[in-house]
Structure formats: structure tokens, C-alpha cells
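The values are calculated or read from the model by the stated rules, or taken from the named source; none is laboratory data. These numbers come from a predicted model, not from an experiment. Reconstructed Cβ throughout: ideal geometry from the backbone, glycine too, with neighbour counts over all protein chains shown.
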Amino acid sequence: MTPFPIIHIKGPPRERGQMYGESACEQIHRSLTFYSKSIIPAARLSWGTLCDDVMKRVPLWEKAEPSLIGELRGVAAGAKLDLAEVVALNTRGTFVQVEDQKKEPEEGCTSFAVLPEASRDGHMLTGQNWDYLSGIKDSIVLVHVTPEVGPRLLMMVEAGQVGRHGANENGVALHANGLTSQLRDYNGLPSTFWRRQILRESNVTDALAAATKTPRVGSTNLVISHKDGFAVDLETRPHTARWLHPENGWLAHTNHFLSEIPPQIADTYEPEANSIVRYERMTQLMRQAASRGGITFEDLVMALKDHRFSDGAGICTHAQPDDAPENAWESVASVITNLTTGIMAVSSGPPCIGKYIDIEISSGKILGLSQSNTIT
């Protein structure tokens, strides 16, 4: 019934990594094949060079994050892979210094947060459409982590990755969007690492502290929320961050800078047109829903399924049959999390054709079809 496999891991880092690698072995190998055989060559990169490159950085990352490197060592052992290959899956080619960085695949996504005062039922809601290459759909997994210390968490990742987006049982949630920028610090931590750092924190203050640690490798937008009615949007760069607060009780973000264009790229910055379209449409739909007496779960489902524009720039994005793997952009998954109830509703593929399934964050237990499946 689940739209994606749910992997349950627990214990110390190496042990839970081993469980992860064994349970998601098929999906990890599928992801490895997709990147090494299709995406990396299409970007004129070498998978072997990437693996060599990331291994040079492993000692630095292990000093900063021994538990996550330990977990990755377990993943590699469980999936019967070299550590370099698993670490490379957590970087997606970011750390290979090539002249044309625009050849790297970058995430899309439309994210949002709704505070209790703006929702009709007084609940705290957050989520996103995850827009990325359609070739990864069959390698997405949900990982439920029971750590030795700290809250249990449920995250959605590409198999083999240690972090992406999700929520924990203490009510901290993270959703993220790529930001079009060539700013880089190749000594920074991969985004999968610091996203996991955010999700493992017990309270929102510590989660924000984790989010603003530097250096980061590149630029990513983060929507961080908490069940008690808190949300902030952080537009991060390698060494700095800017922030946006909810207006009228909600916020939305896509893939371009809204708070400030970094001075280093201001003269050449060109945001993606589809990001501008999705942002304007999402804000329009949120305003309309708020004016009808408060934003509901059903309003968010309709927004994430939206095809208002026929040029392919809708919030719900579809790849075309003749798209090459490196250009086949699609809404590969959709998530709406009710932090008040601790339930994450997850759908596979473009949400207009998927079915949302409710999953309990604290246990990773599948609860059944979401109420949203009655909405067309």
C-alpha cells in the first residue's frame, strides 16, 4: 500500500547503516546505475573521478560527522558496495570541480508551511512537491530512524542517502528546494549530511542552529517548521543565510532567491522561468484558500496537483516521453505533513495521478489511504 518502501533502522551508526544497506540494496544499486551510467556521463563527468574525489574528503567529513560516515560505512557493507560509491550518491557530482557546473542536475520543488492561525482546523501543516529527474522514482525510499539518542524520524530520500526531507516525532520538519546558484565551497558538508543534522534535533532552536552551520557546499532553500506553530524559510549559501518569515500565517518557496540575490552573482543571476511561475501560482492559491476561511489539507492537495498553465510549468510537473534521462523533470513525490497530528501523507509520482498514504511519523506505521484521495 505504501507509495515507497519503508526502511526501519535503529541502533548505533554502523549497525543501522548495515540494516539500511541490506533492506534497500535493490534501490541503492538502481540509483547507482542511474547516476553512473546516465546522468554523470551526460554531464561530461567521470563516475570514477567523482568517487576518487569524494574519498579525498571523507577524512574531513568524518571528523565533522563521525556518526554519519559510520552509517554510510554500514550502508556500503550492507549493499555490498565500496564506500566511495555510497558517498558519491550523497553528493550527486557536486564535488567534482568542472568548468560547467550547470551540467549538474539540480532539484526543483515547491515547498510550503501553514501556521495554525492560517489553517481552518488550527493545525500546523507543511510539505512539498519534490521535482527532480523521473529516473529516480524507483529508487526513492522512506527511512524511519530510531537512533540511540534523540527523536525518531521519518525521511524521504534517494536510496543510500542519509538525509533529505521529512519530520521527527518531536514535531520538527524540514522541506527543501534547490537554489539556482554556482556558489560553491568544496570543503563544505554535503547537503544530505546537514539535512540529517536538522532532522535529528529535538527542538526547533537546535534545528535552526544546525541549519546555519557552515560551511555548506552550495545553495539550498530550507523550510523549517515545528508543530507548536513555527516556520521560517532559510535561503542558504555556502557561508551565509538569509531568511523569510510567514506572511498572513503561511509561506511558500520554489527555486529562486527571494530575500536577496547574493552579491557575488547579482550581475549574472538568471532565475529559472518555471520557478517564478510555480511560486506565483502557489502564492495565488494560498491567498485564495486563506480568504475562504483558512487553508485546509484539501486546499494544499489541490495546489500540489495544480496544472493551471499548459506550458509544463505547473506546480504538478510531468516529464515527457521523449525527454532524455538528464532532462526528464517530474514531480517524483509529494508530501503533506500534519505536524499537529504527527502524520505524513505521501504520494508517489505527480500527485495528480498518485494516491496519498498516511504514515505515522513516530512509528513509521502505514495508517491507510489519506483523506486527500477523495479530492479530484
In contact with a His (Cβ under 6 Å, 6 or more places away or on another chain) and within 17 Å of Asp138 (Cα to Cα) - does that describe any residue in segment 344-355?
yes
Can you run down the residue pairs with Cβ atoms below 8 Å, 6 or more apart or on separate chains, where the first is in segment 147-162 and more than 19 Å from Asn90 (Cβ to Cβ) and the partner is among the polar types (S, T, N, Q) and not in a strand (DSSP E or B)?
Gly150/Ser202; Pro151/Asn170; Pro151/Ser202; Arg152/Ser362; Arg152/Ser363
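Residue by residue, here is whether (1) in contact with a Phe, Trp or Tyr (Cβ under 6 Å, 6 or more places away or on another chain); (2) part of a helix (DSSP H, G or I); (3) basic (Lys, Arg) holds:
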site: Phe4; (1), (2), (3): no, no, no
site: Lys10; (1), (2), (3): no, no, yes
site: Glu22; (1), (2), (3): no, yes, no
site: Glu26; (1), (2), (3): no, yes, no
site: Ser36; (1), (2), (3): yes, yes, no
site: Cys51; (1), (2), (3): no, yes, no
site: Lys63; (1), (2), (3): no, yes, yes
site: Gly74; (1), (2), (3): no, yes, no
When every residue in segment 171-184 that is surrounded by fewer than 24 Cβ atoms within 10 Å (Cβ to Cβ) and more than 10 Å from Thr220 (Cα to Cα) is compared, the one modelled with the lowest pLDDT is Gln182
Among (1) farther than 22 Å from Pro59 by Cβ; (2) modelled with pLDDT under 95; (3) among the hydrophobic types (A, V, I, L, M, F, W, C), Ala207 falls short only on (2)
Hand me the list of strands (runs of 3 or more DSSP E) wholly inside segment 163-272 holding 1 or more residues that are assigned by TED's automatic domain parsing to the domain that holds Ser334 and among the hydroxyl-bearing types (Ser, Thr, Tyr).
220-226, 230-236
So Asn187 fits all but one of (1) surrounded by 23 or more Cβ atoms within 10 Å (Cβ to Cβ); (2) touching a residue at least 60 places away in the same chain (Cβ under 8 Å); what number is the exception?
(1)
Criterion (surrounded by fewer than 21 Cβ atoms within 10 Å (Cβ to Cβ) and of a type in the set (Val, Ile, Thr)) met by exactly one of Ile276, Ile224, Ile295
Ile276
Filter pass, Arg44 being on the phi > 0 side of the Ramachandran plot and either modelled with pLDDT under 90 or part of a helix (DSSP H, G or I) (or both)
yes
Across segment 118-162, which residue is surrounded by the fewest Cβ atoms within 10 Å (Cβ to Cβ) among those that are of a type in the set (Gly, Ala, Ser) and in a strand (DSSP E or B)?
Ser119
